[in-house]
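The next block holds one structure in the form of C-alpha coordinates; read it before the comments.
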Amino acid sequence: MMCSRAPIIEPWCPGSSRSSPPGVLHSRRVPSDCFLGIALIRSGRVAMLHAPLHWMDPPSPVSITCYQRKQNRMPPSDNFDLLILNGRIIDGSGAPWYAGDVGIEAGRISCIGRLSQATAPQIVDAGGSFVTPGLIDIHTHSDLTLLVESGAASTVAQGITTQVIGNCGVSAAPTRGREIYYGPLDPTMTRGLECDWIGLGDYFQRLEAEGVGTNVASLVGHGNIRVAAMGYDDRPPTPAEMNRMKELTAQAMEDGAVGLSSGLAYAPGPYAGLDELIELGRVAGEYGGLYTSHIRNQTEGIAAAVAEVIAVGEEAGITAHVSHMQPGSPRLGGTVDLLNTIDEARRRGVDVSCDAIPYTVGSTTLKSLLPPWACEGGDDALLERLRDAAVRQNIKEDTMTHG
Ligand SMILES: [Zn+2]
(Lines give C-alpha, C1' and ligand atoms only; values in the text may rest on other atoms or scores of the structure.)
Protein backbone atom coordinates (compact mmCIF):
# COMPACT_ATOMS: atom_id res chain seq x y z
CA MET A 1 0.00 0.00 0.00
CA MET A 2 1.38 3.36 -0.97
CA CYS A 3 0.06 6.27 0.95
CA SER A 4 1.00 9.87 0.41
CA ARG A 5 -0.29 13.41 0.36
CA ALA A 6 -2.41 13.47 3.49
CA PRO A 7 -3.92 16.82 4.39
CA ILE A 8 -4.84 16.77 8.04
CA ILE A 9 -8.57 17.12 8.12
CA GLU A 10 -11.16 15.95 10.53
CA PRO A 11 -14.78 15.24 9.68
CA TRP A 12 -17.49 16.68 11.81
CA CYS A 13 -20.06 14.16 12.94
CA PRO A 14 -23.24 15.13 14.79
CA GLY A 15 -22.70 14.68 18.50
CA SER A 16 -18.95 14.46 18.12
CA SER A 17 -16.84 16.42 20.56
CA ARG A 18 -13.79 16.14 18.33
CA SER A 19 -14.59 19.19 16.29
CA SER A 20 -17.26 21.82 15.88
CA PRO A 21 -20.21 21.75 13.50
CA PRO A 22 -20.40 24.20 10.62
CA GLY A 23 -21.33 27.67 11.72
CA VAL A 24 -20.73 31.36 11.34
CA LEU A 25 -17.23 32.42 10.36
CA HIS A 26 -16.94 35.65 12.35
CA SER A 27 -14.40 38.18 11.18
CA ARG A 28 -13.87 39.32 14.76
CA ARG A 29 -13.65 35.86 16.19
CA VAL A 30 -11.15 34.47 13.77
CA PRO A 31 -11.14 30.72 14.16
CA SER A 32 -7.77 29.07 14.59
CA ASP A 33 -8.89 26.72 11.87
CA CYS A 34 -11.82 26.68 9.52
CA PHE A 35 -14.31 24.08 8.49
CA LEU A 36 -14.47 22.86 4.97
CA GLY A 37 -15.96 19.66 3.65
CA ILE A 38 -15.50 17.05 1.02
CA ALA A 39 -17.55 16.67 -2.12
CA LEU A 40 -17.68 13.90 -4.64
CA ILE A 41 -18.56 15.24 -8.05
CA ARG A 42 -19.50 13.05 -11.00
CA SER A 43 -20.38 14.44 -14.44
CA GLY A 44 -20.87 17.89 -12.97
CA ARG A 45 -23.24 16.61 -10.27
CA VAL A 46 -22.59 16.01 -6.63
CA ALA A 47 -22.83 12.30 -6.05
CA MET A 48 -22.00 12.41 -2.37
CA LEU A 49 -21.16 15.01 0.19
CA HIS A 50 -19.29 14.03 3.28
CA ALA A 51 -19.94 15.87 6.51
CA PRO A 52 -17.97 19.12 6.65
CA LEU A 53 -14.36 18.46 7.44
CA HIS A 54 -12.18 20.26 9.87
CA TRP A 55 -8.88 21.45 8.47
CA MET A 56 -6.27 21.33 11.17
CA ASP A 57 -3.56 22.76 8.93
CA PRO A 58 -3.68 24.92 5.83
CA PRO A 59 -5.14 22.69 3.13
CA SER A 60 -1.94 21.89 1.33
CA PRO A 61 -0.83 18.43 0.31
CA VAL A 62 1.75 16.88 2.56
CA SER A 63 4.12 14.68 0.61
CA ILE A 64 5.00 12.19 3.26
CA THR A 65 3.52 8.82 3.98
CA CYS A 66 0.43 8.89 6.16
CA TYR A 67 1.25 12.27 7.62
CA GLN A 68 -1.03 12.03 10.56
CA ARG A 69 0.02 8.52 11.53
CA LYS A 70 3.63 9.54 11.22
CA GLN A 71 3.02 12.64 13.30
CA ASN A 72 1.46 10.47 15.99
CA ARG A 73 4.26 7.87 15.63
CA MET A 74 1.76 5.24 14.47
CA PRO A 75 2.42 2.57 11.84
CA PRO A 76 0.66 2.84 8.46
CA SER A 77 -2.86 1.48 8.64
CA ASP A 78 -4.95 -0.56 6.27
CA ASN A 79 -8.05 -0.36 8.44
CA PHE A 80 -10.26 2.65 8.02
CA ASP A 81 -13.74 3.65 9.07
CA LEU A 82 -14.53 4.93 5.61
CA LEU A 83 -12.78 4.47 2.29
CA ILE A 84 -13.43 6.48 -0.84
CA LEU A 85 -11.85 4.55 -3.69
CA ASN A 86 -11.04 5.41 -7.30
CA GLY A 87 -11.38 9.14 -6.96
CA ARG A 88 -9.84 11.93 -8.96
CA ILE A 89 -8.56 13.99 -6.09
CA ILE A 90 -8.50 17.76 -6.17
CA ASP A 91 -6.92 18.62 -2.85
CA GLY A 92 -7.60 22.35 -2.79
CA SER A 93 -3.95 23.34 -2.97
CA GLY A 94 -4.21 24.43 -6.59
CA ALA A 95 -2.43 21.28 -7.77
CA PRO A 96 -3.94 19.36 -10.71
CA TRP A 97 -6.14 16.39 -9.84
CA TYR A 98 -4.55 13.03 -9.31
CA ALA A 99 -5.99 9.53 -9.11
CA GLY A 100 -6.23 8.13 -5.62
CA ASP A 101 -8.20 6.83 -2.68
CA VAL A 102 -9.07 8.52 0.60
CA GLY A 103 -8.98 6.75 3.95
CA ILE A 104 -10.86 8.16 6.93
CA GLU A 105 -10.05 6.87 10.34
CA ALA A 106 -11.35 7.94 13.75
CA GLY A 107 -13.01 10.95 12.24
CA ARG A 108 -10.02 12.13 10.21
CA ILE A 109 -8.68 11.74 6.72
CA SER A 110 -5.53 9.88 7.60
CA CYS A 111 -4.38 8.71 4.18
CA ILE A 112 -4.67 9.70 0.57
CA GLY A 113 -3.04 7.31 -1.85
CA ARG A 114 -3.54 3.81 -3.25
CA LEU A 115 -5.75 2.08 -0.70
CA SER A 116 -7.49 -0.64 -2.72
CA GLN A 117 -6.07 -3.35 -0.44
CA ALA A 118 -7.31 -1.61 2.69
CA THR A 119 -10.56 -2.43 4.48
CA ALA A 120 -13.33 -0.39 6.06
CA PRO A 121 -16.92 -1.00 7.17
CA GLN A 122 -18.03 1.63 4.68
CA ILE A 123 -16.52 1.78 1.21
CA VAL A 124 -17.60 4.22 -1.46
CA ASP A 125 -16.52 3.64 -5.05
CA ALA A 126 -16.03 7.11 -6.46
CA GLY A 127 -15.83 5.60 -9.94
CA GLY A 128 -13.59 8.36 -11.26
CA SER A 129 -15.57 11.21 -9.72
CA PHE A 130 -13.72 14.21 -8.42
CA VAL A 131 -13.16 14.12 -4.69
CA THR A 132 -12.64 17.68 -3.52
CA PRO A 133 -12.69 19.84 -0.44
CA GLY A 134 -16.12 21.43 -0.03
CA LEU A 135 -16.62 24.34 -2.41
CA ILE A 136 -16.94 27.95 -1.25
CA ASP A 137 -19.72 30.01 -2.82
CA ILE A 138 -18.71 33.66 -2.51
CA HIS A 139 -22.10 35.02 -3.55
CA THR A 140 -25.41 33.75 -2.23
CA HIS A 141 -28.59 35.38 -0.97
CA SER A 142 -29.46 32.70 1.58
CA ASP A 143 -29.47 35.18 4.48
CA LEU A 144 -33.13 34.67 5.32
CA THR A 145 -33.82 31.32 3.71
CA LEU A 146 -31.23 29.73 6.03
CA LEU A 147 -33.68 30.42 8.84
CA VAL A 148 -36.43 28.62 6.95
CA GLU A 149 -34.38 25.75 5.49
CA SER A 150 -31.38 25.57 7.80
CA GLY A 151 -30.03 22.42 6.17
CA ALA A 152 -29.36 24.47 3.01
CA ALA A 153 -30.05 21.37 0.91
CA SER A 154 -29.89 23.20 -2.43
CA THR A 155 -26.47 24.61 -1.51
CA VAL A 156 -25.08 21.37 -0.15
CA ALA A 157 -26.30 19.53 -3.26
CA GLN A 158 -23.87 21.64 -5.28
CA GLY A 159 -20.92 20.51 -3.19
CA ILE A 160 -20.79 23.81 -1.33
CA THR A 161 -19.91 23.76 2.35
CA THR A 162 -19.14 27.46 2.91
CA GLN A 163 -21.15 30.40 1.60
CA VAL A 164 -20.84 34.17 1.74
CA ILE A 165 -24.16 35.92 2.32
CA GLY A 166 -25.10 39.61 2.60
CA ASN A 167 -24.31 40.39 -1.04
CA CYS A 168 -25.66 43.18 -3.27
CA GLY A 169 -26.37 45.59 -0.42
CA VAL A 170 -28.84 43.32 1.35
CA SER A 171 -28.10 41.33 4.47
CA ALA A 172 -30.22 39.87 7.24
CA ALA A 173 -29.22 42.70 9.56
CA PRO A 174 -29.25 45.38 10.76
CA THR A 175 -33.01 45.66 10.63
CA ARG A 176 -34.99 48.82 11.23
CA GLY A 177 -36.83 47.94 14.44
CA ARG A 178 -37.01 44.23 13.48
CA GLU A 179 -38.45 45.10 10.08
CA ILE A 180 -36.57 43.09 7.46
CA TYR A 181 -34.96 44.92 4.55
CA TYR A 182 -35.59 42.71 1.51
CA GLY A 183 -34.01 44.88 -1.18
CA PRO A 184 -34.38 42.91 -4.40
CA LEU A 185 -35.23 39.67 -2.62
CA ASP A 186 -38.66 38.12 -2.84
CA PRO A 187 -40.33 38.25 0.62
CA THR A 188 -42.65 35.39 -0.29
CA MET A 189 -39.70 32.98 -0.14
CA THR A 190 -39.58 33.43 3.61
CA ARG A 191 -43.27 33.92 4.30
CA GLY A 192 -44.01 33.40 7.98
CA LEU A 193 -40.45 34.05 9.10
CA GLU A 194 -40.52 36.04 12.30
CA CYS A 195 -37.76 38.60 12.66
CA ASP A 196 -36.57 38.86 16.25
CA TRP A 197 -33.16 40.38 15.60
CA ILE A 198 -31.80 43.88 15.16
CA GLY A 199 -28.06 43.49 14.61
CA LEU A 200 -25.94 40.90 12.86
CA GLY A 201 -24.82 39.56 16.25
CA ASP A 202 -28.42 38.65 17.15
CA TYR A 203 -28.95 37.14 13.72
CA PHE A 204 -25.79 35.01 13.99
CA GLN A 205 -26.90 33.77 17.39
CA ARG A 206 -30.24 32.66 16.01
CA LEU A 207 -28.58 31.03 13.02
CA GLU A 208 -26.22 29.05 15.20
CA ALA A 209 -28.93 28.17 17.71
CA GLU A 210 -31.10 26.71 14.95
CA GLY A 211 -28.15 24.94 13.35
CA VAL A 212 -26.96 25.54 9.83
CA GLY A 213 -25.92 23.07 7.14
CA THR A 214 -22.99 25.07 5.78
CA ASN A 215 -20.44 27.50 7.10
CA VAL A 216 -21.58 31.07 6.69
CA ALA A 217 -19.73 34.38 6.41
CA SER A 218 -21.76 37.57 6.04
CA LEU A 219 -21.19 40.95 4.52
CA VAL A 220 -23.30 43.79 5.87
CA GLY A 221 -25.61 45.37 3.32
CA HIS A 222 -25.39 49.10 2.65
CA GLY A 223 -29.15 48.97 1.94
CA ASN A 224 -29.81 47.75 5.48
CA ILE A 225 -27.63 50.47 6.94
CA ARG A 226 -29.17 53.28 4.90
CA VAL A 227 -32.76 52.16 5.54
CA ALA A 228 -32.06 51.84 9.28
CA ALA A 229 -30.53 55.33 9.38
CA MET A 230 -32.75 57.31 6.99
CA GLY A 231 -35.39 55.10 5.38
CA TYR A 232 -35.91 55.08 1.62
CA ASP A 233 -35.31 58.80 1.05
CA ASP A 234 -33.81 59.76 -2.30
CA ARG A 235 -31.37 62.37 -0.99
CA PRO A 236 -27.90 62.63 0.56
CA PRO A 237 -27.69 61.91 4.29
CA THR A 238 -27.52 64.71 6.85
CA PRO A 239 -24.31 64.75 8.93
CA ALA A 240 -26.20 63.04 11.77
CA GLU A 241 -27.51 60.33 9.43
CA MET A 242 -24.04 59.81 7.99
CA ASN A 243 -22.68 59.34 11.50
CA ARG A 244 -25.44 56.87 12.27
CA MET A 245 -24.58 54.86 9.14
CA LYS A 246 -20.93 54.79 10.16
CA GLU A 247 -21.90 53.58 13.64
CA LEU A 248 -24.10 50.84 12.18
CA THR A 249 -21.30 49.74 9.84
CA ALA A 250 -18.83 49.62 12.72
CA GLN A 251 -21.30 47.67 14.85
CA ALA A 252 -21.86 45.12 12.09
CA MET A 253 -18.11 44.67 11.71
CA GLU A 254 -17.81 44.25 15.49
CA ASP A 255 -20.56 41.64 15.27
CA GLY A 256 -18.53 39.64 12.76
CA ALA A 257 -19.32 40.91 9.27
CA VAL A 258 -16.52 40.26 6.79
CA GLY A 259 -17.13 43.49 4.87
CA LEU A 260 -19.63 45.91 3.39
CA SER A 261 -21.67 45.25 0.25
CA SER A 262 -23.61 47.76 -1.79
CA GLY A 263 -26.50 47.20 -4.17
CA LEU A 264 -26.52 50.38 -6.20
CA ALA A 265 -29.32 49.18 -8.48
CA TYR A 266 -31.68 48.43 -5.61
CA ALA A 267 -33.41 51.11 -3.53
CA PRO A 268 -32.07 52.75 -1.46
CA GLY A 269 -28.67 51.98 -3.05
CA PRO A 270 -29.12 54.26 -6.09
CA TYR A 271 -29.69 57.24 -3.75
CA ALA A 272 -26.17 56.93 -2.32
CA GLY A 273 -23.35 58.98 -3.79
CA LEU A 274 -19.68 58.14 -4.04
CA ASP A 275 -18.72 60.13 -0.91
CA GLU A 276 -21.15 58.15 1.23
CA LEU A 277 -19.76 54.85 -0.05
CA ILE A 278 -16.18 55.96 0.52
CA GLU A 279 -16.92 57.02 4.10
CA LEU A 280 -18.61 53.72 4.92
CA GLY A 281 -15.93 51.78 3.05
CA ARG A 282 -13.33 53.44 5.25
CA VAL A 283 -15.11 52.16 8.37
CA ALA A 284 -15.31 48.58 7.06
CA GLY A 285 -11.68 48.83 5.94
CA GLU A 286 -10.56 49.80 9.43
CA TYR A 287 -11.81 46.40 10.55
CA GLY A 288 -9.99 44.62 7.75
CA GLY A 289 -13.23 44.07 5.82
CA LEU A 290 -13.70 44.28 2.07
CA TYR A 291 -16.13 46.26 -0.07
CA THR A 292 -18.20 44.45 -2.70
CA SER A 293 -20.69 46.03 -5.03
CA HIS A 294 -23.62 45.14 -7.21
CA ILE A 295 -22.83 48.08 -9.43
CA ARG A 296 -25.06 50.98 -10.39
CA ASN A 297 -25.41 50.07 -14.04
CA GLN A 298 -24.61 46.92 -16.02
CA THR A 299 -25.48 48.25 -19.47
CA GLU A 300 -24.51 51.52 -21.16
CA GLY A 301 -23.09 52.97 -17.93
CA ILE A 302 -21.08 49.94 -16.84
CA ALA A 303 -17.64 51.51 -17.34
CA ALA A 304 -18.48 54.37 -14.97
CA ALA A 305 -20.06 51.92 -12.53
CA VAL A 306 -16.90 49.78 -12.38
CA ALA A 307 -14.81 52.95 -12.03
CA GLU A 308 -16.94 53.86 -9.02
CA VAL A 309 -16.01 50.61 -7.23
CA ILE A 310 -12.36 51.26 -7.98
CA ALA A 311 -12.74 54.80 -6.60
CA VAL A 312 -14.20 53.45 -3.34
CA GLY A 313 -11.31 50.99 -3.07
CA GLU A 314 -8.73 53.66 -3.81
CA GLU A 315 -10.15 56.46 -1.68
CA ALA A 316 -11.22 54.32 1.28
CA GLY A 317 -8.11 52.15 1.17
CA ILE A 318 -10.22 49.00 1.20
CA THR A 319 -10.11 45.81 -0.84
CA ALA A 320 -12.85 46.25 -3.45
CA HIS A 321 -14.72 43.70 -5.52
CA VAL A 322 -17.16 44.04 -8.43
CA SER A 323 -19.86 41.41 -7.99
CA HIS A 324 -21.13 39.59 -11.09
CA MET A 325 -19.55 41.97 -13.60
CA GLN A 326 -21.93 41.27 -16.42
CA PRO A 327 -22.02 43.75 -19.31
CA GLY A 328 -25.47 43.69 -20.89
CA SER A 329 -26.74 45.13 -24.15
CA PRO A 330 -25.46 47.46 -25.62
CA ARG A 331 -22.17 46.61 -23.86
CA LEU A 332 -22.28 42.85 -24.43
CA GLY A 333 -18.72 41.66 -24.94
CA GLY A 334 -17.32 44.66 -23.10
CA THR A 335 -15.62 42.52 -20.46
CA VAL A 336 -12.14 42.88 -21.98
CA ASP A 337 -12.19 46.67 -21.60
CA LEU A 338 -13.47 46.37 -18.03
CA LEU A 339 -10.76 43.87 -17.13
CA ASN A 340 -8.18 46.26 -18.57
CA THR A 341 -9.57 49.01 -16.32
CA ILE A 342 -9.29 46.70 -13.31
CA ASP A 343 -5.74 45.66 -14.28
CA GLU A 344 -4.76 49.30 -14.61
CA ALA A 345 -6.10 50.05 -11.11
CA ARG A 346 -4.26 47.04 -9.71
CA ARG A 347 -1.03 48.33 -11.25
CA ARG A 348 -1.62 51.57 -9.33
CA GLY A 349 -1.89 49.50 -6.16
CA VAL A 350 -5.68 49.34 -5.77
CA ASP A 351 -6.73 45.92 -4.49
CA VAL A 352 -9.70 45.34 -6.77
CA SER A 353 -11.16 42.21 -8.34
CA CYS A 354 -14.35 40.95 -9.95
CA ASP A 355 -16.38 37.82 -10.54
CA ALA A 356 -18.80 36.83 -13.27
CA ILE A 357 -21.94 34.77 -13.66
CA PRO A 358 -21.31 31.79 -15.97
CA TYR A 359 -24.01 32.82 -18.42
CA THR A 360 -24.59 35.86 -20.61
CA VAL A 361 -27.63 37.35 -18.89
CA GLY A 362 -28.15 38.62 -15.37
CA SER A 363 -30.53 37.18 -12.84
CA THR A 364 -32.54 39.40 -10.55
CA THR A 365 -36.09 40.31 -9.60
CA LEU A 366 -38.58 42.27 -11.70
CA LYS A 367 -38.60 45.21 -9.28
CA SER A 368 -35.01 46.02 -10.22
CA LEU A 369 -36.23 47.07 -13.69
CA LEU A 370 -38.16 49.98 -12.21
CA PRO A 371 -36.53 53.43 -12.10
CA PRO A 372 -35.06 54.26 -8.66
CA TRP A 373 -37.40 57.25 -8.19
CA ALA A 374 -40.40 54.91 -8.36
CA CYS A 375 -39.11 53.00 -5.32
CA GLU A 376 -38.50 56.02 -3.08
CA GLY A 377 -40.28 55.59 0.24
CA GLY A 378 -40.33 51.78 0.13
CA ASP A 379 -42.74 49.15 -1.19
CA ASP A 380 -45.96 50.81 0.01
CA ALA A 381 -45.03 54.04 -1.77
CA LEU A 382 -44.14 52.05 -4.90
CA LEU A 383 -47.52 50.27 -4.88
CA GLU A 384 -49.25 53.63 -4.44
CA ARG A 385 -47.47 54.96 -7.55
CA LEU A 386 -48.30 51.86 -9.56
CA ARG A 387 -52.00 52.38 -8.78
CA ASP A 388 -51.90 55.87 -10.32
CA ALA A 389 -52.37 55.61 -14.10
CA ALA A 390 -50.39 58.76 -14.93
CA VAL A 391 -47.45 57.84 -12.70
CA ARG A 392 -47.58 54.28 -14.00
CA GLN A 393 -47.22 55.64 -17.53
CA ASN A 394 -44.14 57.62 -16.44
CA ILE A 395 -42.65 54.52 -14.83
CA LYS A 396 -43.31 52.58 -18.01
CA GLU A 397 -41.64 55.17 -20.24
CA ASP A 398 -38.65 55.49 -17.93
CA THR A 399 -38.29 51.71 -17.73
CA MET A 400 -38.42 51.36 -21.52
CA THR A 401 -35.76 54.04 -21.90
CA HIS A 402 -33.37 53.21 -19.06
CA GLY A 403 -34.53 49.86 -17.65
ZN1 LIG B 1 -26.36 41.33 -7.24
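Want the number for D196 to E179: 0.36 nm per residue separation, take away the alpha-carbon distance, what's left?
5.2 nm
How much length, in nm to one decimal, is gained on full extension between E397 and I138, taken as 0.36 nm per residue of separation minus their Cα-Cα distance?
On the way: separation 259, 0.36 × 259 = 93.24 nm, distance 3.61 nm.
Between E397 and I138, full extension yields 89.6 nm more.
With each pseudo-label sitting 7 Å past Cα toward Cβ, what's the I123-D275 distance in nm, one decimal?
Going from the I123 label point to the D275 one covers 7.1 nm.
How much length is gained if the chain between D343 and Y359 is pulled fully straight, taking 0.36 nm per residue apart and subtracting their Cα-Cα distance, in nm to one decimal? Working shown, then result.
On the way: separation 16, 0.36 × 16 = 5.76 nm, distance 2.27 nm.
In short, 3.5 nm is gained.
I need the phi-derived Karplus couplings for segment 357-374: 6.51 cos²θ - 1.76 cosθ + 1.60, θ = phi - 60°, integer Hz, Gly and Pro marked x.
Along segment 357-374, the couplings run 7, x, 8, 8, 10, x, 9, 8, 9, 4, 4, 5, 6, 6, x, x, 5, 6 Hz.
Report the charge-dipole magnitude of segment 184-318 in Debye, nearest 20, computed about the Cα centre from +1 at each Lys and Arg Cβ and -1 at each Asp and Glu Cβ.
Working: 8 positive and 20 negative charges, 31 e Å.
Around 140 debye, computed over segment 184-318.
Checking the a/c ratio against 1.5 first, then a/b against b/c, what shape does the Cα gyration tensor give for segment 252-403? Walk me through the numbers before you get to the answer.
Details: a/c = 2.44, a/b = 1.44, b/c = 1.69.
Oblate.
Give, in whole angstrom and from largest to smallest, the semi-axes √(5λ) of the equivalent ellipsoid of segment 163-311, with λ running over the eigenvalues of the Cα gyration tensor.
Semi-axes, largest first: 24, 16, 16 Å.
Using a 1.4 Å probe on the protein heavy atoms only, what accessible surface does V361 show? Give it in Å² to the nearest 10.
Rounded to the nearest 10, the figure is 90 Å².
Which of rounded, prolate or oblate describes segment 259-320 when judged by the alpha-carbon gyration tensor and an a/c cut-off of 1.5? If you can, show how the numbers build up before the last one.
Details: a/c = 2.06, a/b = 1.62, b/c = 1.27.
Note, shape of segment 259-320 comes out prolate.
How large is the charge dipole for segment 344-403, taken about the Cα centre, if only the Cβ atoms of Lys, Arg (+1) and Asp, Glu (-1) carry charge, to the nearest 20 debye? If you can, show how the numbers build up before the last one.
Working: 8 positive and 10 negative charges, 46 e Å.
About 220 debye.
Could you state the accessible area per residue of segment 329-403 in Å², with a 1.4 Å probe and every protein chain left in place?
In whole numbers, segment 329-403 has 70 Å² accessible per residue.
With unit charges on the beta carbon (Lys/Arg positive, Asp/Glu negative), name the residue among T360, Y266, A305 whose Cα is farthest towards the positive pole of the charge dipole of segment 136-369.
T360
Net charge within 14 Å of L274 by Cβ-Cβ distance, Lys/Arg positive one each and Asp/Glu negative one each, not counting L274 itself?
That works out to -4.
The values are calculated or read from the model by the stated rules, or taken from the named source; none is laboratory data. This one's a predicted model, so the numbers in the text were calculated from it and none came from an experiment. Using ideal geometry, Cβ is built from the backbone for each residue, glycine included, and neighbour counts are taken over all protein chains shown. Heads up: the accessible areas ignore ligands, DNA and RNA and are worked out on the full protein's heavy atoms, side chains in. Shrake-Rupley method; radii C 1.70, N 1.55, O 1.52, S 1.80 Å.
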